[in-house]
1. So if each residue of separation counts as 0.36 nm, and I subtract the Cα-Cα distance between LYS93 and LYS121, what length gain in nm does that give?
2. Treat each spin label as a single point 7 Å out from the Cα along the C-beta direction, and report the ALA33 to GLU48 distance in nm.
3. Return the lysines within reach of LYS78: Cα separation strictly under 20 angstrom, same-chain partners fewer than 8 residues apart disregarded; answer none if there are no such residues.
4. At R0 = 41 Å, how high is the FRET efficiency between ASP73 and GLU159 if r is their beta carbon distance? Nearest 0.05 is fine.
5. Projecting each Cα onto the charge dipole of the range 51-136 (Lys/Arg +1, Asp/Glu -1 at the beta carbon, about the Cα centre), which of SER92, ILE113, SER56 comes out farthest on the positive side?
6. Just order 67-77, 20-30 by mean Cβ neighbour count inside 10 Å, highest at the front, would you?
7. Over the range 35-140, what per residue volume does the convex hull of the Cα atoms give, in whole Å³?
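What follows draws every value from the coordinates through simple rules; no lab data is involved. Everything quoted here is computed from the prediction, not taken from an experiment. Backbone-built Cβ (ideal geometry, glycine too); neighbour counts: all protein chains shown.
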Amino acid sequence: MASPGYIIIKGDGDKVQKSGIKSFYGSLDKGSAKPSFCYPAQKDALREEIKSMEKSLNDGYVAETRVLKVKQDLKMKKARLDKINSQEADASKLFKDNKDACMKRRDELAEMIAQGLPTTKDKEKKRVNPHRLYEDEKKKGLGKLKTEFQILSRLADEESNTHFLVRD
């Protein structure tokens, strides 16, 4: 069931290549389950932290002995936020350039995930064993499919929660 997800990516000129979902990852995402743009709450928290640090510095609430350290931390956080924004822009551009292929892959993933999840009726009648469900998902590779679906959905500004894929 877990087919390697390749999306047709248009290259320079007439070149066409197959590329996986890793094309949307950037330098900040090494070892991460999903690209940084899939975590908007953390990005917002970083933005608020930067704003708070700037306000504290401007209003003089930081002790003179700590001003240099706070400025260094602020500079690092701003650089990280800039990298996240840049990476998100690159991923969005790649997605928009290949929107048809990405949306086709997203639809395929939705169907594969829906087939791998238990139905609503099975859940209501308590026919679902959570331990067996977890093992089945691991065997079928649904975790990777769900991650790929969530990344493509986030880029398409669509619902990325896989629970709505459950069949009746």
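1. Details: separation 28, 0.36 × 28 = 10.08 nm, distance 4.08 nm.
Extra length from LYS93 to LYS121 when fully extended: 6.0 nm.
2. The two pseudo-label positions are separated by 2.2 nm.
3. Of all the lysines, those that pass the test against LYS78 - Cα under 20 Å, at least 8 places apart if same chain - are LYS30, LYS43, LYS51, LYS55, LYS69.
4. Numbers: r = 36 Å, r/R0 = 0.88.
With R0 = 41 Å, the Cβ-Cβ based efficiency is 0.70.
5. SER56
6. On the way: 67-77: 12.7, 20-30: 15.5.
Highest to lowest by the protection proxy: 20-30, 67-77.
7. Numbers: hull volume 19.6 nm³, N = 106.
Spelled out: Cα convex hull of the range 35-140, divided by residues, is 185 Å³.
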